[in-house]
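**Q** Quick one: structure below, then a few questions.
The values are calculated or read from the model by the stated rules, or taken from the named source; none is laboratory data. Note that the structure is predicted; figures quoted are calculated from it, not measured. Because the Cβ atoms are built from the backbone with ideal geometry, glycine has one as well, and the counts that use them run over all protein chains shown.
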Amino acid sequence: MSSVTASEPAVLDVARIRGQFPLLAQTVGGKPLAYLDNAATTQKPQPVLDTLARYYAAGNANIHRGVYALSQEATEAYEGARGKVAAFLNAAEPAEIVFTRNATEGINLVAQTFGRSRLGPGDEVVVSGMEHHSNIVPWQLVCEEKGARLRAAPFSDAGELLVDELEALLGPRTRLVSIVHMSNSLGTVNPVRRVVELAHRQGIPVLVDGAQAAYHMPVDVQAIGCDFYVVTGHKLYGPTGIGALYGRRALLEAMPPYQGGGDMIASVTFERTTWNELPHRFEAGTPHIAGAIGLGAAVDFITGVGFDAIVAHERRLLAYATEALTAVPGLRLVGTAADKASILSFVLEGVHPHDIGTIVDAEGVAIRTGHHCTQPVMDRLGVPATARASLAMYNTTEEVDQLVAALARVRELFG
Amino acid sequence: MSDLRDLYQEVILDHNRSPRNFGRLEDADLHADGHNPLCGDKLSITLKLAGDRVADLRFEGSGCAISKASASLMTEGVKGRTLDELRGLFDRFHRLVTDQGAAADEAELGKLAVFAGVRDYPARVKCAILAWHTLRAAVDDRHEVVSTE
């Protein structure tokens, strides 16, 4: 996954890729759909849809208990999917992958187990100023309970993390750094390896929120060196309701359980219960079996296309879109970090983003408008909201053109 | 999808460009703040009474065209009305932007009926209604920030 073969040029056949996403073929009010809200969720390719249908039609059984063939096959498929996700993130072993509902639950799991057991009065958790609310609120909850303090490292006007200022926040009271790999509202790709290096120098573990990064670039948790990494399936061209937490074995083993129930125990008596081994200790109750298997199919799909091709295609598309949008009169891009990927947040002079969203929708273009669950980012940059176009492997320059044409319609209406 | 001009009528675009009664009354009898967290719209209303009539009112804040125009047209529509009349208008306006069968109210609402197009855009109803919820809170003398969520 992490090894890049330099010999073959990375070419992505967009038409062939699009052919595998049935949803993209539809029209909206007679106009072809240009789906540019991938940072919210990605569409699903046929192999993922087929895997889900096949599982429920022919493979459904509960896992980890049945002695009959169907249950064993479901267990193998579920654990096989864990292996696929482990390989996708280059975890040292599948047991370091815990299935969750989404990235948000991954962070909450770490906050409620690792955080709750390690934070005390006066301790600190350090995040960045560009976090999604899901990497702010779980820490606020546990900090409030423990009398600990949440601190945020600032970013520049361009949307770049001020690494020196983050380093200055680290100290003997810092119990964890939790930082986003790629910002969902700015597109900034953070230097997470460097952050890990700085934190580890002081013995501070690091969680990386990979919800946005994981479908735009190859992720190697061992190369990053992070202690936790969270992803969500629905942004990886997979089903909703399934995500994964990577955690280093030593840390996961030392963490108390998250939720209690079946499957997470080794033995139960009314006097004493012992915990199951990793990763089952953190997966109480019947999990989203179909979702996990679907996620396995999704990472197979991504790996099949290959990140060389995906990164090259999205990079070209981002450059094209950046140039095209910059040429729109009165448009200002929000988030212009040197290292950014696949997200174009913007404001248009004299027009509120919400109006932009409604008008371009009438032209078949789906974009997100609002604060993107990053209100502190909006406050920092002094904008109430932005419009955001976000790209994925199946997007085309024609769709970018469709957005630009739709923005001309906005100008026409608003003068 | 209906035509965008049904939503963005000229009157609405005009009030968005040059909102009426924009600002703050320093000697207000009533006030309230409204917030639409989804789009980041923020609105503040100050109001002066003469008996049980609205003598004067102002709004300020930032928001999309629909929310700004709605606040602007609302201030024009309720000036001089009694608080009871105002509550009746609130209900009618609410029906206008949410209920397909509300045509009967349009005559009563006068100029405010330009927001009838909003009912075809469910995601925008909150934008149109924010000012009204905020005014209602001011009149009912509730001072917590009104949220559309």
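**Q** Can you tell me which residue within segment A:335-370, out of those that are more than 11 Å from chain B (Cβ to nearest Cβ) and among the polar types (S, T, N, Q), is surrounded by the fewest Cβ atoms within 10 Å (Cβ to Cβ)?
**A** Ranking the candidates gives A:T336 first.
**Q** Could you tell me how many of the residues in segment B:66-112 are within 28 Å of B:R24 (Cβ to Cβ) and in contact (Cβ under 8 Å) with a residue 12 or more places away in the chain?
**A** Residues that pass the stated criteria total 32.
**Q** Another question about this same structure. Determine which single condition A:C373 fails, assuming it passes every other condition in (1) crowded, with 20+ Cβ neighbours inside 10 Å; (2) in contact with a helix residue (DSSP H, G or I) (Cβ under 8 Å, 6 or more places away or on another chain); (3) of a type outside the set (S, T, N, Q); (4) within 13 Å of chain B (Cβ to nearest Cβ).
**A** Among (1) crowded, with 20+ Cβ neighbours inside 10 Å; (2) in contact with a helix residue (DSSP H, G or I) (Cβ under 8 Å, 6 or more places away or on another chain); (3) of a type outside the set (S, T, N, Q); (4) within 13 Å of chain B (Cβ to nearest Cβ), the lone unmet condition for A:C373 is (1).
**Q** Please find, within segment A:336-378, the residue that is nearest to A:K31 (Cα to Cα) out of those that are among the charged types (D, E, K, R) and in contact (Cβ under 8 Å) with a residue 60 or more places away in the chain.
**A** For segment A:336-378, the residue satisfying everything is A:E363.
**Q** Determine, yes or no, whether A:A298 is over 27 Å from A:K44 (Cα atoms) and not β-branched (V, I, T).
**A** no
**Q** Further question: Scanning for something among the polar types (S, T, N, Q), outside any helix (DSSP H, G or I) and modelled with pLDDT under 90, does segment B:68-89 turn up at least one residue?
**A** There is no residue in segment B:68-89 that is among the polar types (S, T, N, Q), outside any helix (DSSP H, G or I) and modelled with pLDDT under 90.
**Q** Just one of the numbered conditions (1) among the hydrophobic types (A, V, I, L, M, F, W, C); (2) part of a strand (DSSP E or B); (3) surrounded by 13 or more Cβ atoms within 10 Å (Cβ to Cβ) is not true of A:A266; which one?
**A** With (1) among the hydrophobic types (A, V, I, L, M, F, W, C); (2) part of a strand (DSSP E or B); (3) surrounded by 13 or more Cβ atoms within 10 Å (Cβ to Cβ) applied to A:A266, the lone miss is (3).
**Q** Do you know which residues across segment A:379-407 are touching a residue at least 40 places away in the same chain (Cβ under 8 Å), among the aliphatic types (A, V, I, L, M) and within 14 Å of chain B (Cβ to nearest Cβ)?
**A** Scanning segment A:379-407 gives A:L381, A:V383, A:A387, A:A406, A:L407.
**Q** From A:G159, A:G106, which residue is touching a Gly at 6+ places or on another chain (Cβ under 7 Å), surrounded by 17 or more Cβ atoms within 10 Å (Cβ to Cβ) and on the phi > 0 side of the Ramachandran plot?
**A** Values: A:G106 fails: on the phi > 0 side of the Ramachandran plot.
Checking each option against the conditions leaves just A:G159.
**Q** A further question follows. If A:E283 satisfies all but one of (1) buried (at least 17 other Cβ atoms within 10 Å of the Cβ); (2) in contact with a helix residue (DSSP H, G or I) (Cβ under 9 Å, 6 or more places away or on another chain); (3) assigned by TED's automatic domain parsing to the domain that holds A:Y78, what's the number of the condition it fails?
**A** Looking at each condition in turn, A:E283 falls short on (2).
**Q** For a quick check of your reading: which strands (runs of 3 or more DSSP E) sit entirely within segment B:23-67 and have at least 2 residues that are surrounded by fewer than 17 Cβ atoms within 10 Å (Cβ to Cβ), touching a strand residue (DSSP E or B) at 6+ places or on another chain (Cβ under 8 Å) and within 14 Å of chain A (Cβ to nearest Cβ)?
**A** Qualifying strands (runs of 3 or more DSSP E): B:53-62.
**Q** Next question. Can you list residue pairs whose Cβ atoms sit under 8 Å apart, with the first residue in segment A:43-68 being on the phi > 0 side of the Ramachandran plot and the second being surrounded by 13 or more Cβ atoms within 10 Å (Cβ to Cβ)? Count only pairs 6 or more apart in sequence or on different chains.
**A** A:H64/A:T75; A:H64/A:D263; A:H64/A:H280
**Q** Here's something else I'd like to know. Could you grab the pairs with beta carbons closer than 6 Å, sequence gap of 6+ or different chains, first residue in segment B:5-17 and more than 11 Å from chain A (Cβ to nearest Cβ), second one of a type in the set (V, I, T)?
**A** Listed pairs, sorted by first residue: B:V11/B:V114.
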